[in-house]
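Let me begin by presenting the structure, written as structure tokens, before commenting on it.
We did not get these values from a lab; they are worked out from the coordinates using the rules stated. Quick caveat, the model's predicted, so the values are computed rather than measured. Here the Cβ positions follow ideal geometry from the backbone for every residue, glycine too, while neighbour counts run over all protein chains shown.
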Amino acid sequence: MSKLRLNLLLLGWLVSLWATSAQESIRYSVLYYPYDVSQERAIARPHPDYSGWPDTRMTRDIERIARSGIQEIIVFYQPDEVRDKERLSRLRRFHELASVQKGLLVQVVVNCAGIPLAGYESFLNRLAALNLQGFSSTAQQQRKPVLMLRDAGHLKLVSHPALRMETYPWTRAFESKRVAGALVRGEHNDGGIVIPVARIDTEQWAQGKEVWLIKRRRARALIRSLKGAQELGFTRVILDSWNNYRTGSFLEPNLLDGDTVLQALRKHLGLEE
């Protein structure tokens, strides 16, 4: 073997080693909608299809997400869901099932827009009563489940002794040609970035026109953004999302393009079967 060929092989091995090391230093999370937008299926339908949030769907989603190299599920609750006692109670079962997957964490985000103070305090009490700190899957600090709040300026003085409250920080648009449509922390860069899987023009779609602002085709735009985030040194990537069928930004296997996007993510993370 020539010296040049040997050097090229060595260089290729070093590049591969660096890429693997860089991937392992990034923590991957995914936004997950138990209700609401996950039930709107004008753009596509999940496969297999479902209704509500039964155990069968929970188990399937958790297993698929864990097999895809994602280490954290961020469960996103909308205002109407906060008021629904039965829907909130299902969260405990999700944490219980997620605990089967070693190393998988579950964190809760609540969209607080329009939630009155009295309703919010009642919600906190019901959430605390779920005793989520007893599950290994629960994201927690000092034995208190972490609750992230979005659009909660009118509730900022409210706290609960059994919960750790934080503000959902990734709200500032990130302008970069390497990463499409991303969001970063509002105050400063903490190493985290929210990257959409894809995005459809919802106004055009309402008029019967299919215009993708961030294309889904073979997940090329997504993988390009993931590589860009890696090159820019981000250490936490939040994928938006598992099942937002309203915006077309979903990883979940579906009747539009099957599991193409999910398999592309697995390949990017070196998890090909």
Inter-label distance, nm, simple model (7 Å from Cα along the C-beta direction), LYS102/ARG45: 3.9
Length added when fully stretched, VAL158-ASP55, from 0.36 nm per residue minus Cα-Cα: 33.8 nm
Bins of 10 Å from zero: percent of alpha-carbon pairs in the chain: 6, 27, 34, 22, 7, 2, 1, 0
Of LYS156/LYS215; LYS102/LYS144; LYS144/LYS215, pairs whose Cα-Cα distance is over 31 Å: LYS156/LYS215; LYS144/LYS215
Distant-in-sequence amide H partners of LEU105 (H built 1.01 Å from N, under 5 Å): GLU72, ILE73
Global form of the stretch 30-100, assessed from the alpha-carbon gyration tensor, a/c cut-off 1.5: oblate
Formal net charge of residues neighbouring PRO253 (Cβ-Cβ distance under 10 Å; K, R +1; D, E -1): -1
Residue of PRO116, PRO34, PRO46 that the Gaussian network model of the chain assigns the largest fluctuation, springs spanning Cα pairs under 10 Å: PRO116
Positive-end residue, the chain charge dipole about Cα centroid, Cβ charges, pick of LEU255, HIS154, TRP205: LEU255
Highest-MSF residue in the chain out of ALA128, ALA152, ALA118 [GNM, Cα springs under 10 Å]: ALA118
Value of relative contact order over the stretch 131-191, rounded to a whole percent, pairs C-alpha under 8 Å and six or more apart: 23
ARG143-TRP212 pseudo-label distance in nm [points 7 Å out on the Cα-to-Cβ vector]: 5.0
Kyte-Doolittle at least 0.0, axis length at least 27 Å by Cα - qualifying DSSP helices, the chain: 3-24
Relative contact order, percent, the chain [alpha-carbon distance under 8 Å, six or more residues apart]: 22
